[in-house]
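For reference, the structure discussed in these notes is given below.
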Amino acid sequence: MTAADAKVLRIADLHVEAQDSQGQWHGIVKGVSLELDRGEVLGLIGESGAGKSTIGLAAMGYARGGCRIAGGSIVANGQELAGADRDELRRLRGVRMAYVAQSAAAAFNPAHRIDRQICEVPVSHGLMSAEQALATAKRLYRRLRLPDPEHFGRRFPHQVSGGQLQRAMTAMAMICKPDLIVFDEPTTALDVTTQIEVLAAIREAMRGEGMAALYISHDLAVVAQVADRIMVLRHGKLVEAGPAERILREPAEPYTRELVNVRRAMAPEKPEPATPPQLEARHVTASYGNGIRVLRDVSIELHRGTTLAIVGESGSGKSTLARVLTGLLPWEAGECLLDGRPLAKRLKRRSKSELRRLQMIYQMPDIALNPRQTVREILGRPLEFYFGQRGAEQLRKVEGLLEMVELPRDLVRRLPGELSGGQKQRVCIARALAAEPEIVICDEITSALDPLVADGILKLLLRIQNESGLSYLFITHDLATVKAIADEIVVMYRGEIVQRGAKRQLLSPPWHPYTELLLSSVPEMDVRWLDRLLAAREVSSTAPEPAASLPAPRP
C-alpha cells in the first residue's frame with residue numbers, strides 16, 4: 001500500500017448531480033477534493049445547500065434519491081467506492097464506515113430497545129458474538145458519558161433524552177471500530193447545555209478510539225471545537241480550507257469572514273410598556289396524558305409591539321407553554337387571557353377572531369409545510385379561511401405576502417421540496433402573516449438554519465414588527481438570538497420560571513445559576529473555548545450539572 005493509499009479517505013474532483021422535476025440534471029457538488037488521515041477530524045462548513053451532507057454521503061459511496069455521483073474518485077483505505085457494486089458497499093457500510101444522522105429520534109426504531117439496535121450491526125456482520133457486542137456497547141456508553149452504562153441500553157429510545165439518544169447513535173456508529181465516521185449535524189437540534197455534553201463526549205471518544213471523521217455543520221464555532229482542519233463550502237464548491245485555528249483567526253475569503261464575523265440583528269431598546277398586557281398566562285399548570293406535570297405555576301406577560309423570549313433547555317416547558325397559549329394543550333389550573341379576556345382552554349372552542357389574532361410559526365418547516373401543496377395553496381388557505389379571498393384577489397395577496405417576507409413572486413408555483421431551508425421558513429412566516437395576526441409565537445424558528453440565513457430571518461422579523469406593531473413570543477435555546485431580538489426574557493427550567501426581566505437586566509451579572517449556565521454554554525469562535533469551559537466547570541462545584549443549585553420541581 002502506497003503512502004497515498006494509507007489515507008483513510010481520498011476524494012478527488014467529486015461531482016454530484018440532482019435531477020429536477022423536469023428530469024434535467026444539475027450539479028450540486030462541483031469538483032470538490034479532500035483527504036483525511038487516520039485519527040483526524042475534518043469539519044465541513046457552509047450554508048444550507050452548500051453540499052456538505054452530499055459530500056458526507058458520497059464519502060460512503062452513497063447518493064440520496066434523485067441524485068447521482070457523476071464524476072470523480074472516492075477512495076477509502078485504498079478501495080475505490082465510486083462505481084462499486086451494492087454488495088461490496090453493503091459490506092463496508094456500518095463496519096469500515098459509519099454515519100451519525102442529525103435526528104437520533106428518527107434514526108432509532110421506537111419498538112426495540114437501544115442495546116438490540118446498537119449490537120445488531122457487529123453481530124449481523126459476524127464481527128462479534130451477542131455477548132461481545134453487548135460488552136463493547138457498555139464500554140462505549142461509559143466513554144460517551146451516558147448514565148448508568150450497565151443498564152442504559154435496556155431502555156427504549158423514547159425513554160431517554162435527545163442528547164442521550166444522540167450519544168447512543170454515536171455508540172452505534174463506533175461499535176464496529178470503523179475507519180471513518182460521518183457526523184451530519186449531530187448537535188443542531190440540541191439546546192446549548194446538551195450540545196456541550198454531546199460535543200465533549202464525541203471529541204473524547206474520537207480521540208480515545210483513534211477514528212477519523214467528517215464533521216458536518218453550519219455552525220463554525222461548534223465545528224472548531226472538534227475539527228483539526230476545516231473546509232468551507234458554498235454552492236457545491238470549495239471556498240477555503242485550512243487548520244481550524246487559522247480559519248478562525250485569519251480567514252482569507254470574504255464568505256469565510258462573513259461566517260466568522262456574523263452578528264445577529266439587534267433590536268433597539270424599547271421603553272417600559274405603559275399599557276396592559278396583550279397576552280397573559282396566570283399561574284398556569286399543565287400536564288400531558290401520563291400525569292407528569294410539565295408546567296408549574298407559570299405566569300408571563302406579553303405587551304403590544306414587544307418581543308418576549310422564553311429561554312431554556314429541552315424539556316424546560318417552553319414549547320408546552322406555546323401549546324397551552326394556542327389551545328393545543330388544555331391547562332389544569334390558572335388562566336390565559338388575550339387583551340384581558342379569558343381564552344378557552346381548547347382550540348376548538350375559540351372564536352375565529354381569537355384564532356386569527358394569535359398565530360404560530362413552527363421549528364421545522366419541512367414538517368410544517370404540506371409537501372404536496374404549492375406555495376400559492378399554502379398561503380391561500382388562511383386567506384380563504386379568515387377573509388374568504390379566492391381567485392385573482394387571493395393571488396395578488398399571496399404575491400404581496402411573498403414580497404413582504406422578501407421572496408420572489410414566481411415561487412407561487414413551487415412545492416416546498418423545491419425551496420431552500422431559509423425560503424421554507426419565510427413561507428411559514430408568510431403563512432402566519434396571512435391571517436393578519438396581532439401576536440405571533442415563534443417556536444425555535446432559527447435553530448435548524450445556518451447563521452447567515454438565521455440572521456436574515458431575525459432582521460426580517462424585526463422589520464415586520466417595526467412596520468406593523470406585531471408582538472412576538474419567541475421560544476428559543478439560542479442566547480445569541482435572545483440578545484438580538486428580545487425586549488424581555490423569561491428563563492424556564494423543569495417547567496418553572498427561574499428568572500425574568502428586561503434583556504439588559506437579565507443578561508447582566510449577577511446571574512441566576514441556570515441563566516449563567518446557559519450564557520456560558522454559547523460556543524465562541526475560539527478553538528480552545530470548549531477546553532476552557534470544561535476545565536472551569538470541573539473546578540466549579542456546579543459543573544457539569546447545575547440542578548443542585550436550582551429549586552427542586554414540585555410534585
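The values are calculated or read from the model by the stated rules, or taken from the named source; none is laboratory data. Please read all numbers here as calculations on a predicted model, not as lab measurements. Don't worry about glycine lacking a Cβ; one is built from the backbone with ideal geometry, like all the others, and counts go over all protein chains shown. Just the protein is used for accessible areas: all its heavy atoms, side chains included, with ligands, DNA and RNA removed. Shrake-Rupley method; radii C 1.70, N 1.55, O 1.52, S 1.80 Å.
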Under the Karplus relation with 6.51, -1.76 and 1.60 and θ = phi - 60°, whole-Hz ³J(HN,Hα) for region 32-39, x at Gly and Pro, equal 8, 10, 7, 9, 9, 8, 4, x
Placing each pseudo-label 7 Å from Cα in the direction of the beta carbon, Arg463 and Arg346 end up separated by a distance in nanometres of 4.2
Sorted by chain and number, the residues with a modelled amide H under 5 Å from that of Ser287, at a separation of 5 or more or across chains, are Val294, Glu332
Of every hundred units of 1.4 Å-probe accessible area on region 352-392, the number belonging to carbon and sulfur atoms, as a percent, is 48
For 235-243, 307-315, ranked highest to lowest by mean beta-carbon neighbours within 10 Å, the order is 307-315, 235-243
Between the alpha carbon centres of region 446-465 and region 188-254 the gap in Å comes to 23
For region 251-350, the Kirkwood Rh over every pair of distinct alpha carbons, in Å, works out to 16.0
Region 260-331 and region 77-107 have their Cα centres apart by a whole-number Å value of 43
Residue-ordered couplings for region 198-207, obtained by feeding phi - 60° into the Karplus form 6.51 cos²θ - 1.76 cosθ + 1.60 and rounding to whole Hz (Gly and Pro as x), are 5, 4, 4, 5, 5, 4, 5, 5, 4, 5
Among trypsin sites (Lys or Arg not before Pro) in region 269-367, those in a DSSP loop whose Cβ has at most 13 other Cβ atoms within 10 Å are Arg346
Net charge (Lys, Arg +1; Asp, Glu -1) of residues whose beta-carbon lies under 12 Å from that of Gly391, Gly391 excluded, is +2
Phi angles of region 47-53, converted by Karplus (6.51 cos²θ - 1.76 cosθ + 1.60, θ = phi - 60°) into ³J(HN,Hα) in whole Hz with x for Gly and Pro, give 6, 4, x, 6, x, 4, 5
The answer for the net charge of residues other than His303 whose Cβ lies under 14 angstrom from its Cβ, with Lys and Arg +1 and Asp and Glu -1, is -3
In whole percent, the fraction of accessible protein surface over region 45-92 that belongs to carbon or sulfur atoms, probe radius 1.4 Å, stands at 43
Under the helix-only model (-39500 (n - 2.57) for each DSSP H run of 4 or more, divided by the residues of the chain), the mean residue ellipticity at 222 nm, to 500 deg cm²/dmol, is -10500 deg cm²/dmol
Counting Lys and Arg as +1 and Asp and Glu as -1 over every other residue whose Cβ sits under 13 Å from the Cβ of Ser103, the net charge comes to -3
accessible surface per residue for the chain, probe 1.4 Å, DNA/RNA/ligands not counted, whole Å² -> 44
Computed for the chain: size of charge dipole around the Cα centre, +1 on C-beta of each Lys and Arg, -1 on C-beta of each Asp and Glu, debye to nearest 20, value 1300
Out of Gly312, His125, Gly495 - ranked by how far each Cα lies towards the positive end of the dipole of the chain, with unit charges on the beta-carbon of charged residues - the top one is Gly495
Ratio for region 106-194, C-alpha Rg to 2.2 N^0.38 Å, reads 1.04
Restricted to the chain, the DSSP antiparallel beta bridge percent, nearest 5, is 55
For region 458-509, the percent of accessible surface on carbon and sulfur atoms (probe 1.4 angstrom, ligands and nucleic acids excluded) is 46
Reviewing (i) 24.5, 77; (ii) 28.9, 83; (iii) 26.5, 103, the figure for Rg and Dmax of the Cα atoms in Å actually calculated from this model sits under (i)
Under 5 Å from the placed amide H of Leu279, counting only residues 5+ away or on other chains, we find Leu302, Asp339
Residues meeting the amide H criterion for Met360 (H placed from the backbone, H to H distance under 5 Å, 5 or more places apart or on another chain) are Ile441
Expressed in angstrom, Rg and Dmax over the Cα atoms of region 1-125 are 16.0, 46
Given 80-86, 297-303, the highest-first ranking by average Cβ count within 10 Å works out to 297-303, 80-86
Heads up, region 312-459 by the C-alpha gyration tensor (a ≥ b ≥ c square roots of eigenvalues; a/c under 1.5 rounded, else a/b over b/c prolate, else oblate) looks oblate
The distance between the Cα centres of region 332-384 and region 486-534, in whole Å, is 30
